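Undergrad: Take this structure first; my questions come after.
The values are calculated or read from the model by the stated rules, or taken from the named source; none is laboratory data. Because the structure is a prediction, the values reported are computed rather than measured. Note that we place each Cβ from the backbone using ideal geometry, even for glycine, and neighbour counts take in every protein chain shown.
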Amino acid sequence: MHRIDEDLLMIPGPTYVAHSTLRAMSRQMISHRGKEFGDILTECTENLKKVFRTENELFILSSSGTGAMEAAISNIVEPGDKILCPIFGKFSERFKLIVEAYRGVPVELPIEWGDVPEAGLIEEALDREEDIKAVTITHNETSTGVRIPFDDISKIVKKHDILLIADTISSMGGDYIPVDDWKIDLCVSGSQKCFSIPPGLAFISVSERAWEEINRTKRRAFYFSLPEYSESYKKNPPQTPYTPALTFFYALQNSLRLLLEEGLDNVIARHQKVAQATREAIKALELELFPRKEDSCSVTVTAVQMPDGVQDKELRGTIQKDYGILISGGQAGLKGKIFRIGHMGHVTDKEILTTIYALEKCLKKLGQRIELGAGIEAAFKIFG
Ligand SMILES: *Cc1c(COP(=O)(O)O)cnc(C)c1O
């Protein structure tokens, strides 16, 4: 069929950007040391704190999400410091790589991809190893489609009175993540996933306990020095140490207004519903979810095992060519073994039903025994 529109982005970032957000980005530049920017920075920061459910200081960095991960590590790690890194996918592994880059010592806790680190495993590791300074935790492992039992893990980490560093890049703004209740010391997120703006901004919240460690650490961070950020934020007007990506701040301001207008709880409920509908559709089509347990499935990305006899390239290529829909493949060792449907940001019943329809038609076209309509019907039941 001939299509004139842009592709529908059903990938785990970048996500669809609302037209009002795109328009907000076409504004002229302003001084980043003036009151006008100070007001934007303050509004964005206050609204992000509502999404993070935190009273902690929070900073907006001009980088992709990985920049905030690096900020978290580089502000607290000195050579030789031990950091516990549960590794259960590509993004949790990234923390380990950053720790190594700053000459820290990652204590690796390998977990099979598709599984989640149970709190008990983390407790064992903390009891076994002495002098661990922090634990890094990926709340939503985008590469395998799992979401971890965060609350339990937080209790264990806090019992040991060490820092809790969380990557919520692909879940904050789409899932329930109460930073203060879960006592997350350094919580990082990014712009192009649930926040529905282009890639280019990252966020980090910093607890009192984290400040104690940061102030004790002989710092190696320069561009991402958190004390520098804190000082600049306290200036009048509030500002960032170096020139911020102004255009993305215009976008963030608009996108956060949209998010809070819909209501954070409603946004989360919408993500949960879309995720549930996706899972029901996948099961009805007799495909298999990749996460080992269904209750550890992410609410922002659904990972599905590639059916026998289907090539990743063919499946994704056909869906894009025939329907103008983009879905993702597997990363690293999961390449060709799974496909992933991102449903974060402005995704509703409309986009997910269209995607399931396209998936059914393409699997059928590729010779799979698919009962056309079964997935749609199962999803439809969830949306009611
Ligand atoms: C996307 C993602 C990242 C990396 O973010 P970039 O913006 O690409 O730097 C890190 N962690 C998770 C869980 C992600 O989904």
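Undergrad: Out of Glu36, Glu6, which single residue is out of contact with any strand residue (DSSP E or B) (no Cβ under 9 Å at 6 or more places or on another chain) and without any contact (Cβ under 8 Å) to a residue 24 or more places away in the chain?
TA: Glu36
Undergrad: Go over the candidates Ser230, Ser189, Ser225 one by one and state the one that is of a type in the set (Ser, Thr, Tyr), within 14 Å of the ligand (Cβ to nearest atom), within 29 Å of His160 (Cα to Cα) and at pLDDT 95 or above.
TA: Ser189
Undergrad: Here is a further query. Is there a residue in segment 142-159 that is polar (S, T, N, Q) and within 11 Å of the chain's Cα centre (by Cα)?
TA: Scanning segment 142-159, I find at least one residue that is polar (S, T, N, Q) and within 11 Å of the chain's Cα centre (by Cα), so the answer is yes.
Undergrad: Something else: So for segment 240-255 (the condition being within 19 Å of the chain's Cα centre (by Cα) and closer than 26 Å to Pro86 by Cα), does at least one residue qualify?
TA: For segment 240-255, residues within 19 Å of the chain's Cα centre (by Cα) and closer than 26 Å to Pro86 by Cα: absent.
The rows are residues; the columns are (1) surrounded by fewer than 19 Cβ atoms within 10 Å (Cβ to Cβ); (2) of a type in the set (Phe, Trp, Tyr); (3) closer than 19 Å to Tyr176 by Cβ.
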{"residue": "Thr217", "(1), (2), (3)": "yes, no, no"}
{"residue": "Glu231", "(1), (2), (3)": "yes, no, no"}
{"residue": "Lys234", "(1), (2), (3)": "yes, no, no"}
{"residue": "Thr240", "(1), (2), (3)": "no, no, no"}
{"residue": "Leu260", "(1), (2), (3)": "yes, no, yes"}
{"residue": "Gln272", "(1), (2), (3)": "yes, no, yes"}
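Undergrad: Turning to a different aspect of this structure: Are any residues in segment 88-114 out of contact with any Ser or Thr (no Cβ under 9 Å at 6 or more places or on another chain) and assigned to a strand (DSSP E or B), and if so, which ones?
TA: Those that are out of contact with any Ser or Thr (no Cβ under 9 Å at 6 or more places or on another chain) and assigned to a strand (DSSP E or B): Val105, Val107, Glu108, Leu109, Pro110.
Undergrad: Only one residue in Ile60, Ile40 is more than 23 Å from the chain's Cα centre (by Cα) and not in a loop (DSSP other than H, G, I, E, B). Which one?
TA: Every option except Ile40 fails the conditions.
Undergrad: For segment 9-21, what are the residues that are assigned to a helix (DSSP H, G or I) and in contact (Cβ under 8 Å) with a residue 12 or more places away in the chain?
TA: Ser20, Thr21
Undergrad: Please name all residue pairs, on different chains or six or more residues apart, with Cβ atoms under 8 Å, provided the first residue is in segment 166-177 and is in contact (Cβ under 8 Å) with a residue 40 or more places away in the chain and within 8 Å of the ligand (Cβ to nearest atom) and the second residue is of a type in the set (Gly, Ala, Ser) and in a loop (DSSP other than H, G, I, E, B).
TA: Cβ pairs passing all conditions: Ser170/Gly13; Ser170/Ser298; Ser171/Ser298.
Undergrad: Considering only segment 302-317, state which residues are surrounded by 16 or more Cβ atoms within 10 Å (Cβ to Cβ) and touching a residue at least 24 places away in the same chain (Cβ under 8 Å).
TA: Thr302, Ala303, Val304, Gln305, Met306, Pro307, Val310, Asp312, Leu315
Undergrad: Go through (1) in contact with a Leu (Cβ under 8 Å, 6 or more places away or on another chain); (2) under 12 Å from Cys187 (Cα atoms); (3) within 16 Å of the ligand (Cβ to nearest atom) for Leu58 and report which single condition fails.
TA: All conditions are met except number (3).
Yes/no per residue for (1) among the acidic types (Asp, Glu); (2) surrounded by 15 or more Cβ atoms within 10 Å (Cβ to Cβ):
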{"residue": "Arg3", "(1), (2)": "no, no"}
{"residue": "His19", "(1), (2)": "no, no"}
{"residue": "Ser26", "(1), (2)": "no, no"}
{"residue": "Asp39", "(1), (2)": "yes, no"}
{"residue": "Lys49", "(1), (2)": "no, yes"}
{"residue": "Ile60", "(1), (2)": "no, yes"}
{"residue": "Met69", "(1), (2)": "no, yes"}
{"residue": "Gly89", "(1), (2)": "no, yes"}
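Undergrad: Need the failing condition index for Pro199 against (1) in contact (Cβ under 8 Å) with a residue 40 or more places away in the chain; (2) within 11 Å of the ligand (Cβ to nearest atom); (3) surrounded by 18 or more Cβ atoms within 10 Å (Cβ to Cβ), just the number.
TA: (3)
Here is a yes/no grid of residues against (1) among the small types (Gly, Ala, Ser); (2) touching a Lys or Arg at 6+ places or on another chain (Cβ under 8 Å):
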{"residue": "Cys44", "(1), (2)": "no, no"}
{"residue": "Thr66", "(1), (2)": "no, yes"}
{"residue": "Leu109", "(1), (2)": "no, no"}
{"residue": "Ala134", "(1), (2)": "yes, no"}
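Undergrad: From the list Phe290, Phe383, exactly one residue is farther than 29 Å from Thr138 by Cβ and in contact (Cβ under 8 Å) with a residue 60 or more places away in the chain. Which is it?
TA: Only one candidate passes the filter, namely Phe383.
Undergrad: Additional query: Within segment 133-145, identify whether any single residue is at pLDDT 95 or above, surrounded by 24 or more Cβ atoms within 10 Å (Cβ to Cβ) and either basic (Lys, Arg) or on the phi > 0 side of the Ramachandran plot (or both), and answer yes or no.
TA: Yes, the conditions are met somewhere in segment 133-145.
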